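Participant: Could you have a look at this structure, given as structure tokens, before my questions?
The values are calculated or read from the model by the stated rules, or taken from the named source; none is laboratory data. Everything quoted here is computed from the prediction, not taken from an experiment. Reconstructed Cβ throughout: ideal geometry from the backbone, glycine too, with neighbour counts over all protein chains shown. Surface accessibility is based on the protein's heavy atoms, side chains included, excluding ligands, DNA and RNA. Shrake-Rupley method; radii C 1.70, N 1.55, O 1.52, S 1.80 Å.
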Amino acid sequence: MGVPFLGEALAFLKDPFTFTLTRTRKHGNVWKTRILGDTTVFFAGPKAFSFFMNPENFTRQAGSPKFLQEILHHDAVPFLDGDRHRTRKRLLLSAFTEEALATYVPNIVRIFERFVTRWADGKERAVGDELSQLGFDIADMLFAGSSPEASNAEVAADFATMIKGTFAPPVNMPFTAYGKAIKARDRLRMYLKGSVAKNDGKGSALGVLKAARGPGGEQLSTTELEVELLHFYFAAHGGLTAAIAWLLVVLGEHPDIAAKLRSEADAKLPDGVPALAQIRGLPQARAVSREVLRAYPIAPTTFIGVAKRDLEIDGYGIRAGWKGAGAIWATLQDGTTFKDPTAFRDDRLGDDAVKALPEGAFVPQGGGPPEGHRCPGEALIQVVMPLFLGWFTRRFDLAWPAQDTTPAGAGLGPLPKDGVRVMITPRAT
Ligand code: HEM
């Protein structure tokens, strides 16, 4: 349980991936600790993870730490439950339909082109920081309706300040990381208020969400839209950036896999911008993308919930009011579900293999039904990652200098230690 009140919060915040994995290896799939005064139970493995995701057992209402609710907004979808959550989530899911996703592809490809073409001069460079800008530009295009032709460095800098302070000790003073994060968040809110008011959002999620209507005519109010869009940046940026970074690591460290992906893309993709159906026609790229989300640490846990009543699982008692969370990383590294879990296998998570997995096994973006607290961005990521693999291998050759690719840094989506060192040239053959 750690020290009084704080418990093991510092170890958890310092490196939530190692913390939850080592505790699961030590205690098994259901174990408890204390985080900032709250007894908190972690659930790892398919059975325990699904137990936590069952809305009969845990509610997300008042689950997450106050400092996180304060930064994002206490009325944002991860902190809601019941009817309010269902209505809000249904409207947000309209931004991730096949129809909506198809409209985002041209702008996403334009952003890939803008960055990778500039890197493709054969010079050795670390692209980690620029990948973070690339991830931000995709989020900015999708959620503020900004142009894919240019980077908004000023707003990206505010966003980086907000992210940095989110997982810092929650002391709101002008000179603390958390205090600076709150100020940056306020500037981002003004930026989003302006974007929502003036941008029609054509070809972006902003446009789709503005037009979204529920079966009873429900729609997102301007305030709800601004609140959710800010959360979307937060939810999307770290994952997007990390996902593309690890795709480059796989292409660099496994030239055999890169060759397979290139021949698949040559067979299935056009020279220009691919249609969504053509991206769906890349099963190998899909399997590699899934294995990247399983094998590399991006999201350590779900958001935190509260036990709705006294519960029991595998003989363990959980008291009503205790906090709980799904241990995502520990579940993805579960050796019972995934043989030799630390090995990267490009054919491990093909379509049939994924279908054969138990509920609650492959949960990089949470689990359960879409209208629950499962990540709505899953559908977008399942397009962006195979698209990047097909698009990149068709156009560029990648040489991979020796480097340390150990995941480094706290929070969401730690990046490879040496910053993703690449030597990219336009495709020779
Ligand atoms: C690789 C990229 C991503 C990863 C690994 C990821 C992971 C997650 C995880 C673990 C959760 C928590 C699930 C829970 O608490 O049960 C979540 C929730 C969420 N994510 Fe993502 N995410 C990613 C990308 C995105 C993107 C691109 C968007 C938006 C466009 C997004 C929007 C959200 C939202 C709105 C929620 C809250 C859902 C709710 O509580 O109902 N995520 N994500």
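Participant: How about residue 308: which aspartates and glutamates have a C-alpha closer than 14 Å to its C-alpha, ignoring those fewer than 8 places off in the same chain?
Facilitator: 56, 81
Participant: Follow-up. Just subtract the alpha-carbon distance of residue 66 and residue 171 from 0.36 nm times their residue separation and send over the number in nm, one decimal.
Facilitator: Values: separation 105, 0.36 × 105 = 37.80 nm, distance 1.18 nm.
Full extension of this stretch gives 36.6 nm more.
Participant: From the backbone phi of the range 4-16, what are the Karplus-calculated ³J(HN,Hα) couplings (6.51 cos²θ - 1.76 cosθ + 1.60, θ = phi - 60°) in whole Hz, Gly and Pro given as x?
Facilitator: Working through the residues one at a time gives x, 6, 4, x, 10, 4, 5, 5, 5, 5, 5, 8, x Hz.
Participant: Now, a different point. If I build a Gaussian network model for the chain, linking alpha-carbon pairs within less than 10 angstrom, which residue out of 285, 267, 211 has the largest mean-square fluctuation?
Facilitator: 267
Participant: Moving on. ³J(HN,Hα) across the range 335-350 via Karplus (A = 6.51, B = -1.76, C = 1.60, θ = phi - 60°), whole Hz, x for Gly/Pro?
Facilitator: Ordered by residue, 3J(HN,Hα) equals x, 6, 7, 10, 4, 6, x, 7, 7, 8, 10, 5, 9, 6, 10, x Hz.
Participant: Okay, helix-only estimate at 222 nm for the chain: each DSSP H run of n ≥ 4 adds -39500 (n - 2.57), divide by all residues, round to 500 deg cm²/dmol; what do you get? Could you put the intermediate results ahead of the total?
Facilitator: On the way: 17 runs with 220 residues, N = 429.
It lands at -16000 deg cm²/dmol.
Participant: Okay, next question. Cut-off under 26 Å on the C-alpha distance; same-chain residues fewer than 8 positions from residue 164 excluded. Which lysines are left, in chain and number order?
Facilitator: Cα-Cα hits under 26 Å: 14, 66, 180, 183, 193, 323, 417.
Participant: Return the aspartates and glutamates within reach of residue 210: Cα separation strictly under 14 angstrom, same-chain partners fewer than 8 residues apart disregarded; answer none if there are no such residues.
Facilitator: 200, 218, 224, 226, 228
Participant: Give me the one-decimal nm value for the distance between modelled label points at residue 56 and residue 218, 7 Å along each residue's Cα-to-Cβ direction.
Facilitator: 2.3 nm
Participant: Next up: Antiparallel versus total DSSP beta bridges in the chain: what percent is that, nearest 5? Show your work: numbers first, answer last.
Facilitator: On the way: 24 of 29 bridges.
About 85 percent, rounded to the nearest 5.
Participant: Please list 3J(HN,Hα) in residue order for the range 109-116, calculated via the Karplus relation 6.51 cos²θ - 1.76 cosθ + 1.60 where θ = phi - 60°; whole Hz, with x for glycine and proline.
Facilitator: Whole-Hz 3J(HN,Hα) from phi for the range 109-116: 4, 4, 5, 3, 4, 4, 7, 5.
Participant: What net charge is computed for the residues neighbouring residue 332, neighbours being all others with C-beta under 12 Å from the C-beta of residue 332, Lys and Arg scored +1, Asp and Glu -1?
Facilitator: Values: positive: 290, 294, 348; negative: 291, 334.
Within the 12 Å Cβ shell, the charges total +1.
Participant: Given a 10 angstrom Cα cut-off, can you work out which residue in 128, 326, 45 is the most mobile in a GNM of the chain?
Facilitator: For the chain, modelled as a Gaussian network with Cα springs under 10 Å, the answer is 128.
Participant: Turning to a different aspect of this structure: Summing +1 for each Lys or Arg and -1 for each Asp or Glu, what net charge is found among the other residues whose Cβ lies under 13 Å from the Cβ of residue 397?
Facilitator: On the way: positive: 262, 394, 395, 427; negative: 121.
Summing Lys and Arg as +1 and Asp and Glu as -1 gives +3.
Participant: Show me, bin by bin at 5 Å from 0, the whole-percent P(r) of the range 160-281 based on Cα pairs.
Facilitator: P(r) for the range 160-281, in whole percents per bin: 2, 9, 12, 13, 14, 13, 12, 11, 9, 5, 1, 0.
Participant: Here's something else I'd like to know. Between the range 1-55 and the range 184-257, what is the C-alpha centre distance in whole Å?
Facilitator: 29 Å
Participant: Here is a further query. Using a Gaussian network model on the chain with a 10 Å cutoff between Cα atoms, which of 94, 263, 289 fluctuates the most?
Facilitator: 263
Participant: Right, something else. Using the heavy atoms of the protein chains alone and a 1.4 angstrom probe, what is the accessible area of the chain per residue in square angstrom?
Facilitator: Details: 17970 Å² over 429 residues.
In whole numbers, the chain has 42 Å² accessible per residue.
Participant: Put a dot 7 Å past each Cα toward the Cβ at residue 418 and residue 125; how far apart are the dots in nm?
Facilitator: A separation of 1.8 nm, rounded to one decimal place.
Participant: How far, in nm, would the chain grow between residue 157 and residue 254 when pulled straight, counting 0.36 nm per residue and subtracting the alpha carbon separation? Intermediate values should be presented prior to the final figure.
Facilitator: Numbers: separation 97, 0.36 × 97 = 34.92 nm, distance 3.34 nm.
Fully extending the segment from residue 157 to residue 254 adds 31.6 nm.
Participant: No solvent, one uniform scatterer per C-alpha: report log10 I(q)/I(0) for the chain via the Debye equation at q = 0.06, 0.10 1/Å, two decimals.
Facilitator: These q points yield log10 I(q)/I(0) values of -0.24, -0.69.
Participant: With all protein chains present, how much of the accessible area of the chain (probe radius 1.4 Å) comes from carbon and sulfur, to the nearest whole percent? Display every interim value, and only then the final one.
Facilitator: Values: 10240 of 17970 Å².
Carbon and sulfur atoms account for 57 percent of the accessible area of the chain.
Participant: Quick one: go through the range 37-52 and flag any residue whose amide nitrogen is under 12 Å from the point 7 Å out along the Cα-to-Cβ line of residue 1.
Facilitator: Correct set: 37-40.
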